[in-house]
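Heads up, the thing below is written out as structure tokens.
The values are calculated or read from the model by the stated rules, or taken from the named source; none is laboratory data. This one's a predicted model, so the numbers in the text were calculated from it and none came from an experiment. Neighbour counts run over all protein chains shown; Cβ positions are idealised from the backbone, glycine included.
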């Protein structure tokens, strides 16, 4: 019996061995069936077998696994037909389209980026198992923005040619508001003080615009870092945020945040030392920059600021890659810290080349003449910044960016690359404008602030408005000499209807010319001289005030004026349009020289200062004082040279030119003394992330005009508050103002809404 069993086993093994040998075959050809979009070559690339290989059925699982790993197929079968290996596949469908609807808080582009991150994108192979992963990813995107009530419905629609369309319907739900922010462990600073440091807040008056009451995971992370900096800047070197809990109410509308922190104790400065290699910079220059002294409370912000100033000082001398290492050594027992500033100036770096990009109209040499950084000299951060500022103040450039790039193969050379965005520098314009000060404006003009890319200004203007006519031709070369002396001229004719300007009823006609010289005194100061000639004559009407008709009868109705205008300006603004820092101070004098029909002079002082409060907020403060008088045989300032106030350019909320003294017929007369001032808080336009051509400001205006300086009375000043917007549009400037006069009196002409379109700003 035992021998029989052994015989059967041996026969079985022999038969099995013979079967294996019989299943092995040499692959003479490979055929792929079932392909629709994928090429056979792609399949061959992934097959672990080639023509000529010897395989058997035991190799089939490995071949199938290799094809499944590609993700291209939902099914794979292998079959042998003689020496031919037949591979039959079923392709996964391709994603033809991804449609997303219902999303408002997150853009479709950002959502598709998130989907691509998990492998779902148009053109890719569709894997149904990814849908759950996709929904979870989108939910996390919305949760991070405080939308915990979001619902996502996904659908797959089969299409012809083995394709599918994926539809994602999103119901975002309401953003959860922050119900309360709690701090646990704070003793040195109150909850109120800590809340002031955070972006997130409970609902307030301006939350509708700021969205600061809407929970965001990213904002919370940023706020925690701000808190950390707040404590480190006040000496709490052992400060630590132990934990943070975020809970949401069952209705998913309110979020409660609890921050557990450990303050520690404040540290004071025990010692301050400066060491290292300073290059050519005197040690005392760097010592002067150290504003922390022994006994001061430690401040990380002060340390960083000192290191920054040291780096800038070294950068002025060409050490562009200087390292300033701050090394605080702690004495925990006594809560003291010794500060060390280790300076490594490194190599002095030189500028190999200065390049410009983006100036399609402006010639390189026009931009180069504004630079203070030179090729071949060592790179200076001060000169780079000054060069950038000078370029930004060109009114035909919208923005300027500067970068330094190390030269490959060297350790002491850089290229300086300026990238500029040009404004429209001029136009041939046939247009219509309107302003409450100028009325309907028919405009035919050729203006070029960057004539043929040379930086020269050219203007040819024909304007006809309710106020009158204005014809002029002008030209100015800001670099008539290499050192920046400018030379220009202007020829003009205009007639002005005073009644349309809200002044007295008379017509003033003027023609003349002027030559303009500009002399740069230094980087910020300019002297201007403009000799010229004007011929002025007047036409009166039946309603012209008697004061004017009497003046013209006594002194004549035409005048030859030989004028000299002189002025000084100091401009430290960071840009010409919509500056955010710096100031503009101007003193101007206008005199009708002896020999003129009327002899008089006018003085004008104007200043405006800009203070950046934050990246998005600027405060401006400005004022203007004007004074004039006659001399020689002219007893007082002629009526046609009087100052006026009221309107968009002075005290908003009051009708243009209507403030101050009046003639006997109650028409505004202006005066020889004007004083106006304004303060503005400039902030971003809602719903516009970034624009170089738009601004909105809340303002407070004050001012008036007086017959003479002796008549000045502060009690007669007029005040107004309001909002104003300015847009430098492709069609010309658009200025809007909504103002409320605060102390208007009987006889004042108020105007709450004021605007102009297509009227020059200056």
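Quick look at the values:
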{"item": "Selection from region 591-604 of residues that are more than 13 Å from residue 563 (Cβ to Cβ) and loosely packed, with under 15 Cβ neighbours inside 10 Å", "result": "603"}
{"item": "Top-ranked residue of region 375-390 - restricted to ones that are touching a strand residue (DSSP E or B) at 6+ places or on another chain (Cβ under 7 Å) and under 14 Å from residue 318 (Cβ atoms), ranked as surrounded by the most Cβ atoms within 10 Å (Cβ to Cβ)", "result": "379"}
{"item": "Leading residue by the ranking (modelled with the highest pLDDT) among those in region 466-511 that are on the phi > 0 side of the Ramachandran plot and buried (at least 16 other Cβ atoms within 10 Å of the Cβ)", "result": "502"}
{"item": "Candidate set: region 391-403, residues that are crowded, with 17+ Cβ neighbours inside 10 Å and modelled with pLDDT under 90; chosen: the one nearest to residue 523 (Cα to Cα)", "result": "393"}
{"item": "Residue check for residue 334: modelled with pLDDT of 90 or more, loosely packed, with under 15 Cβ neighbours inside 10 Å and in contact with a strand residue (DSSP E or B) (Cβ under 7 Å, 6 or more places away or on another chain)", "result": "no"}
{"item": "Conditions (1) crowded, with 17+ Cβ neighbours inside 10 Å; (2) assigned by TED's automatic domain parsing to the domain that holds residue 247: number failed by residue 152", "result": "(2)"}
{"item": "Failed criterion for residue 138 (all others in (1) under 29 Å from residue 173 (Cα atoms); (2) at pLDDT 85 or above; (3) not in a strand (DSSP E or B) hold)", "result": "(2)"}
{"item": "Residue within region 369-382 that is within 30 Å of residue 271 (Cβ to Cβ) and touching a helix residue (DSSP H, G or I) at 6+ places or on another chain (Cβ under 9 Å) present", "result": "yes"}
{"item": "Test: residue in region 309-316 that is closer than 13 Å to residue 267 by Cβ and at pLDDT 90 or above", "result": "no"}
{"item": "Residues located in region 391-408, provided they are within 18 Å of residue 354 (Cα to Cα) and out of contact with any helix residue (DSSP H, G or I) (no Cβ under 7 Å at 6 or more places or on another chain)", "result": "392, 399, 401, 403, 404, 405, 406, 407, 408"}
{"item": "Residue that is assigned by TED's automatic domain parsing to the domain that holds residue 714 and in a strand (DSSP E or B), where the choices are 664, 656, 620", "result": "620"}
{"item": "Selection within region 623-649 - within 19 Å of residue 499 (Cα to Cα) and part of a loop (DSSP other than H, G, I, E, B)", "result": "638, 642, 644, 645, 646, 647, 648, 649"}
{"item": "Helices (runs of 4 or more DSSP H) (entirely within region 142-237) containing at least 2 residues that are in contact with a strand residue (DSSP E or B) (Cβ under 7 Å, 6 or more places away or on another chain) and either more than 28 Å from residue 299 (Cα to Cα) or free of Cβ contacts under 8 Å to residues at least 24 places away in the same chain (or both)", "result": "191-195"}
{"item": "Residue list for region 238-257, filter: in a strand (DSSP E or B) and either outside the structural domain of residue 182 (by TED's automatic domain parsing) or touching a residue at least 60 places away in the same chain (Cβ under 8 Å) (or both)", "result": "248, 254, 255, 256, 257"}
{"item": "Test for residue 306: is it more than 30 Å from residue 184 (Cα to Cα) and touching a helix residue (DSSP H, G or I) at 6+ places or on another chain (Cβ under 6 Å)", "result": "no"}
{"item": "Residues located in region 542-555, provided they are out of contact with any strand residue (DSSP E or B) (no Cβ under 9 Å at 6 or more places or on another chain) and surrounded by 12 or more Cβ atoms within 10 Å (Cβ to Cβ)", "result": "547, 551, 555"}
{"item": "Output for region 612-637, where each listed residue is more than 30 Å from residue 578 (Cα to Cα) and touching a strand residue (DSSP E or B) at 6+ places or on another chain (Cβ under 6 Å)", "result": "628, 630, 634, 636, 637"}
